[in-house]
Amino acid sequence: MVVDATQDEIQAGRGYEALFVPALFAPWCDHMIGGAGIIEGAHVLDIACGTGVLTRAAHACSGHSGRVVGLDPAPGMIATAKEVEPDVEWVLGSAEDLPFADGSFDFVISQFGMMFFQDLHQAAREMYRVTKPGGRLAVAIWHTIDLNPAYRDIVAVLEEYVSPEAANSVRLPFSLGDPDEVATILSQAGFDGIAFETKSEQATFPSTRTMVEVELRGWLPLFDIHLSEGKIADVLTLSDVSLSKYATPSGKAAFPTTAYIMTAQKPE
Ligand SMILES: C[S@@+](CC[C@H](N)C(=O)[O-])C[C@H]1O[C@@H](n2cnc3c(N)ncnc32)[C@H](O)[C@@H]1O
């Protein structure tokens, strides 16, 4: 697939891959691969793949005899994913309208993407449709922001020094913290054997300032919130005190995060 992404979108994708992926998302891939139970030769669809960290892990697991597809609606994410791993099938598309035939995949996986879907019920029906009978689904979803206090602190910084809209954009990823709500949606789509496990992982950023900088430079622009260099410098300085508790002796920033991995099956 030829991806038509602007230079700004490609820069945002590369920034996401360089900053967010190693710090926050990569540690979750083992939970997802294990939770889904992906095996060699499997056909796997990773929905909301971003720059493809989980897709690459699935590819390593399913081997050359398998088929692994990463799907995301953001051209810059898909362009970067392709740059990093040209050997995987990357598709531009959204969860609500999957461009695949019924029963195409043994495993459908999605890591920290569901909270952004426009229509969760439609996306669940689509995930069900493209899963083979007997196939499995695994999704990773952050618990509430109260259970992820470092993000509560980042939201407080944005609320105080940027704007309520900026703060809300960082609350959004934590908006599906109720596993029962997601279980009901999956059940209504037809999945059974629905179960979830809570997992914790350490997030590690190069510094406490980077914790905020990735949001200012890599997240807010996705919501059309663009700050001047002067404003970014001010916010980073002002955030020093409230985020200093996350500093490690080596000067990095580290904090625990918690999410749940929900798994389900399409009946035979
Ligand atoms: C936080 S990122 C997670 C990316 C990746 N799974 C990872 O672990 O790094 C969320 C992704 O959801 C994608 N997304 C947003 N709305 C979507 C939709 N309706 N269907 C599929 N993906 C969507 C975004 O483009 C973004 O790449």
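Being within 15 Å of the ligand (Cβ to nearest atom), within 12 Å of the chain's Cα centre (by Cα) and open to solvent by 20 Å² or more (accessible area, probe 1.4 Å) narrows it down to one of PHE20, PHE25, so name that one.
PHE25 is the lone residue from the list that is within 15 Å of the ligand (Cβ to nearest atom), within 12 Å of the chain's Cα centre (by Cα) and open to solvent by 20 Å² or more (accessible area, probe 1.4 Å).
With region 98-196 as the region, which helices (runs of 4 or more DSSP H) entirely inside it contain at least 3 residues that are in contact (Cβ under 8 Å) with a residue 60 or more places away in the chain?
Helices (runs of 4 or more DSSP H) meeting the threshold: 120-130, 149-161, 179-189.
Just to be sure, is MET77 in contact with a helix residue (DSSP H, G or I) (Cβ under 7 Å, 6 or more places away or on another chain) and closer than 17 Å to MET32 by Cβ?
For MET77, the condition - in contact with a helix residue (DSSP H, G or I) (Cβ under 7 Å, 6 or more places away or on another chain) and closer than 17 Å to MET32 by Cβ - is not met.
How about region 95-151: which of its residues are open to solvent by 50 Å² or more (accessible area, probe 1.4 Å), touching a strand residue (DSSP E or B) at 6+ places or on another chain (Cβ under 8 Å) and within 13 Å of the ligand (Cβ to nearest atom)?
Result: PRO99, single match.
Residues are listed down the side, and each one gets a yes or a no for (1) assigned to a helix (DSSP H, G or I); (2) within 12 Å of the ligand (Cβ to nearest atom); (3) touching a residue at least 24 places away in the same chain (Cβ under 8 Å):
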{"residue": "GLY13", "(1), (2), (3)": "yes, yes, yes"}
{"residue": "GLU40", "(1), (2), (3)": "no, no, yes"}
{"residue": "LEU45", "(1), (2), (3)": "no, yes, yes"}
{"residue": "CYS49", "(1), (2), (3)": "no, yes, yes"}
{"residue": "ARG56", "(1), (2), (3)": "yes, yes, yes"}
{"residue": "HIS59", "(1), (2), (3)": "yes, no, yes"}
{"residue": "VAL69", "(1), (2), (3)": "no, no, yes"}
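Taking the criterion of being farther than 26 Å from PRO206 by Cβ and in a loop (DSSP other than H, G, I, E, B), would at least one residue in region 73-82 satisfy it?
Checked against the condition, which is being farther than 26 Å from PRO206 by Cβ and in a loop (DSSP other than H, G, I, E, B), region 73-82 yields at least one hit.
For region 197-213, which positions are in a helix (DSSP H, G or I) and open to solvent by 50 Å² or more (accessible area, probe 1.4 Å)?
Residues satisfying the conditions are ARG209, GLU213.
The values are calculated or read from the model by the stated rules, or taken from the named source; none is laboratory data. Note that the structure is a prediction, hence the values are computed from the model and not measured. Positions of Cβ are backbone-derived with ideal geometry, glycine not excepted, and every protein chain shown enters the neighbour counts. Quick note on the areas: whole protein, heavy atoms, side chains included, nothing else; ligands and nucleic acids left out. Shrake-Rupley method; radii C 1.70, N 1.55, O 1.52, S 1.80 Å.
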